[in-house]
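A.B. asks: Below: one structure in structure tokens.
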Amino acid sequence: MLFMKTGNLLNWYRANARTLPWRREPRNPYHVLVSEVMLQQTQVDRVVPRFESFIERFPTFEILARASEEEVLEEWSGLGYYRRARMLHSLANVIMERPGGLPRTASELLKLPGIGPYTAAAVASLAFAEAEPVLDGNVMRVGARVLALEVDTRSAEGRHRLEGWIRGLMDGGPPGQVNEALMELGATVCDPGRPGCDRCPLGSGCEAMMRGRQGDFPSPRRRRATESLRWVAACAVTADGEWLVRRVDEGPILRGLWLPPLLEIEEGADPAKAVLRLLPIGTMSSPELGDNVRHNITHRKIDVTPVRVDADRIEPPSDAWRWVDPKNPGLPTSSLFAKLVGAV
């Protein structure tokens, strides 16, 4: 019976899988790794063009390792979660120094800096055909419904039961294809809100569907509390439309990116006065407040007040400051920059 389910799943996958650049055969382990890192917390349609651009600029571990961190962050601009780009760049250097290059098993991949259980399992199974289950959110949802799993899918018991179920499916087909088919099924059919049960190759054995309880699985989990922040952005602009930006060298979330100077302020503080402390500029017009913009980073919701000043183009005080064209900054930046430009 299990072999029949595996066959149904793989037949469905081969007929319905989306054409994605990292799925080209034969699988390139470097491409698999880059795609899995990019896909963490980012939708496929956003990743596809950025993946192709990244691979064109850095086609191998060797070329990626030789690049500067600034070059890597520039190519990553707009994808967010820049810690991933720094990790990937650092990892390329480690792999180039390691005898044998990229490991082929999940257990060895886990020894590399920045590689967690999910990425290790994905690379080992998709690139090297190791029978290692991949548990992303889509797969957990499919498995929780098929098994009518009452426990939290992220608990030790939940993961153990899901991994056992996936290993059983792998007895009937290639491990990488089984993992990828389950991920595809969760992404395109087994929707969180309105699952397409009539199109599901596992429907005949799905406990949740047979009980009419698809919406009950997986069981809800506690979400991390959202942190609300208020920032002010000092937007110094020349008559030619150039903006003064600063490299962020502190903090955990924007480090290494180039943005107008930012400062966290308390509720009720005057943004215009705060700006005067941020800019290393003498001659400038009176500050003008732009429309507030909202920028979300993981569990943080940030309300940013842009304050524009018309400024003379002075020589930047250090290498950490630059004048740039906001349409083509040529530096690693964030989508927040474009929001600020549009707000003033």
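A.B. asks: I'd like to verify a number: residues in segment 292-318 that are farther than 25 Å from Leu79 by Cβ and either outside the structural domain of Ala233 (by TED's automatic domain parsing) or not basic (Lys, Arg) (or both), how many?
C.D. replies: 11
A.B. asks: Inside segment 262-300, can you point out the residues that are part of a loop (DSSP other than H, G, I, E, B), in contact (Cβ under 8 Å) with a residue 24 or more places away in the chain and not hydrophobic (A, V, I, L, M, F, W, C)?
C.D. replies: Scanning segment 262-300 gives Glu266, Glu267, Pro280, Gly282, Thr283, Ser285, Gly290, Asp291, Asn292, Thr298, His299.
A.B. asks: Continuing with the same structure: Can you pull out the residues in segment 61-91 that are in a helix (DSSP H, G or I), of a type outside the set (D, E, K, R) and more than 18 Å from the chain's Cα centre (by Cα)?
C.D. replies: Phe61, Ile63, Leu64, Ala65
A.B. asks: Hey, another quick one. In this structure, does Asp303 turn out to be within 19 Å of Lys339 (Cβ to Cβ), assigned to a strand (DSSP E or B) and charged (D, E, K, R)?
C.D. replies: Yes: the conditions hold for Asp303.
A.B. asks: Under 6 Å between Cβ atoms, which residue pairs at least 6 apart in sequence (or on different chains) link something in segment 25-41 that is touching a residue at least 60 places away in the same chain (Cβ under 8 Å) and assigned by TED's automatic domain parsing to the domain that holds Leu102 with a partner that is buried (at least 19 other Cβ atoms within 10 Å of the Cβ) and among the hydroxyl-bearing types (Ser, Thr, Tyr)?
C.D. replies: Glu36/Thr119
A.B. asks: Please go through segment 163-215 and pick out each residue that is in a loop (DSSP other than H, G, I, E, B) and in contact with a Gly (Cβ under 7 Å, 6 or more places away or on another chain).
C.D. replies: Gly172, Val189 - these are the residues of segment 163-215 that are in a loop (DSSP other than H, G, I, E, B) and in contact with a Gly (Cβ under 7 Å, 6 or more places away or on another chain).
A.B. asks: Of all the residues that make up segment 137-162, how many are under 20 Å from Cys200 (Cα atoms) and either assigned by TED's automatic domain parsing to the domain that holds Pro29 or in a helix (DSSP H, G or I) (or both)?
C.D. replies: Count: 12.
A.B. asks: Restricting the search to segment 164-214, which residues are buried (at least 17 other Cβ atoms within 10 Å of the Cβ), of a type in the set (D, E, K, R) and touching a Pro at 6+ places or on another chain (Cβ under 7 Å)?
C.D. replies: Selection gives nothing.
The values are calculated or read from the model by the stated rules, or taken from the named source; none is laboratory data. Predicted model, so just to flag it, every value in this text is computed and none were measured. For neighbour counting, all protein chains shown are included, and Cβ atoms are generated from backbone atoms with ideal geometry for every residue, glycine included.
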